[in-house]
Structure formats: C-alpha cells, structure tokens
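Input: a single structure, listed below in structure tokens.
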Amino acid sequence: MRLVDPFLMELEQESKSTRRVLERVPENKLTWKPHPKSFSLGQLALHVATIPQAIAHLASQDPFEIPNFQQAEAKSRKEILDGFESSLEAAKDTLNGFDDARMMATWHATRDGVELMAMPRMAVLRTILLNHWYHHRGQLLVYLRMHEVPLPSCYGPTADENPFDVGAGKPAMAAN
C-alpha cells in the first residue's frame, strides 16, 4: 500500500458525509451570516465543497506561495454540489500522483518568498486537507442548525437522523 492510499480512502469515506451536509444547504439563505466577520452560508458551503481540490493542489506545489484569499459566494446549491464533485475528482487525481518519496518530502509554504511553514507532505494532507475540511464542515452544520435544517448523520446519530435505527436512511424522530 502506498502512503497516500489511506488519505485517499479517508477522503472517499468522508466525502459521503460531506455530500449529505452540502445537499441540505438552503438556497434561500446563501447570503446569511451569523456574524459580520463570518463567511456567509454560501461562502462557507462553497469553501467546504472546494477544499479537497484546493489543498491537494497546494500540497503538490513546493514551495507554495500563499496567496491573498477571497472566498466566492455560491449562488445555488447546484453550484455547491457541482463544485464538490469536481473538487473531489481533481483532488483524487492529484493525490494519486504522490509516490511515497513525495509524501515523506518536506513541503514549504511561503509568503513573499519568506518561509512560513514547513512539514512533511503527509502532515499537510492530514492537517490542512482533512482536519481543515472537517473543521469547516462542522461550522457548516452549526449554520444549518441555526436555520432549523435537519442535520444528517456524519459519525453517528443527530437529533434529526439516526443511521442505527431500523430503516436506516430515514430520518429518526427528534427527541425533545
């Protein structure tokens, strides 16, 4: 097994939960923000959708020059879901090109030519791709809860859905 293979397997497994979360983003709330300093719902959802491709791409660069980041705001759920499918496939293609030597090699991030970060590429995939993705997916779940959107199961039951109930896949009744 190649060193990148567990990351690809985790990316594939987690994509299922992420897709279920993105499918529930309400189109009529894409411009909503919980706070003036926060991303809008449309920005956050599009960010979650495109993290795999963006981070796989940056992990393929060495050094990676950190750009000024501006997050676009999605205009529709379709844009989010199409972006997610495209991002996922592009990330898999990029990561499949990483051999074991490349995974173990030190990756560098710079800003204006000054090194800000250096770590093994494996650590980039764990922290900046996967952990970063889960963090923002969790934020998105909070945004959805604030709009009374039934939350899908990611790692187990939510108050709205229990994959362990008989007839899994059907939302469980919320207990109050």
In degrees, nearest 10, the alpha-carbon axis of helix 5-23 is tilted away from the dominant principal axis of the alpha carbons of the chain by 40 degrees
For segment 105-168, which chymotrypsin sites (Phe, Trp or Tyr not before Pro) pass both filters: DSSP loop (anything but H, G, I, E, B) and at most 11 other C-beta atoms within 10 Å?
155, 164
Counting DSSP beta bridges with both ends in the chain, the antiparallel % (nearest 5)
75 percent
Charge dipole (the chain, unit charges on Cβ, about Cα centre) - positive-most of 43, 132, 91:
43
Would you calculate a helix-derived [θ] at 222 nm for the chain, using -39,500 (n - 2.57) for each DSSP H run of n ≥ 4 and dividing by the full residue count, to the nearest 500?
-15000 deg cm²/dmol
Backbone HN-Hα couplings from phi across segment 52-69 [Karplus 6.51/-1.76/1.60, Hz, Gly and Pro as x]
x, 5, 4, 6, 4, 5, 5, 5, 7, 8, 7, x, 9, 7, 5, x, 6, 9
Given the pairs 33/75; 16/78; 29/75; 16/92; 29/92, which are separated by over 22 angstrom at their Cα positions?
29/92
Contact order normalised by residue count of segment 1-112, Cα under 8 Å, 6+ apart, percent:
37 percent
If one builds a Gaussian network model of the chain from Cα atoms under 10 Å apart, the most fluctuating residue listed among 148, 12, 23 is 148
Farthest towards the positive end of the dipole of segment 53-120, among 105, 58, 70 and with Cβ unit charges of +1 on Lys and Arg and -1 on Asp and Glu, lies the Cα of 70
Between 70, 53, 61, where does the largest GNM mean-square fluctuation fall for the chain, given springs only between Cα atoms within less than 10 Å?
70
Measure nothing but the geometry: give the 0 to 90° angle between the long axis through the Cα atoms of 77-96 and the longest principal axis through the Cα atoms of the chain, rounded to 10°.
30 degrees
List the residues, sorted by chain then number, that are 5 or more residues from residue 161 or on another chain and whose placed amide H is less than 5 Å from its amide H.
172
In debye to the nearest 20, the charge dipole size for segment 48-176, taken about the Cα centre with +1 at each Lys and Arg Cβ and -1 at each Asp and Glu Cβ, equals 220 debye
Here are several values of Rg/Rh (Cα atoms, Kirkwood Rh): (i) 1.12; (ii) 1.01; (iii) 0.96. Which one was derived from the coordinates shown?
(ii)
Out of 159, 49, 91, a Gaussian network model of the chain with alpha-carbon springs under 10 Å gives the largest mean-square fluctuation to 159
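Read-outs throughout are calculated quantities, based only on the coordinates presented, and are distinct from any laboratory measurement. Everything numeric in this text was worked out from a predicted model, so none of it was measured. Positions of Cβ are backbone-derived with ideal geometry, glycine not excepted, and every protein chain shown enters the neighbour counts.
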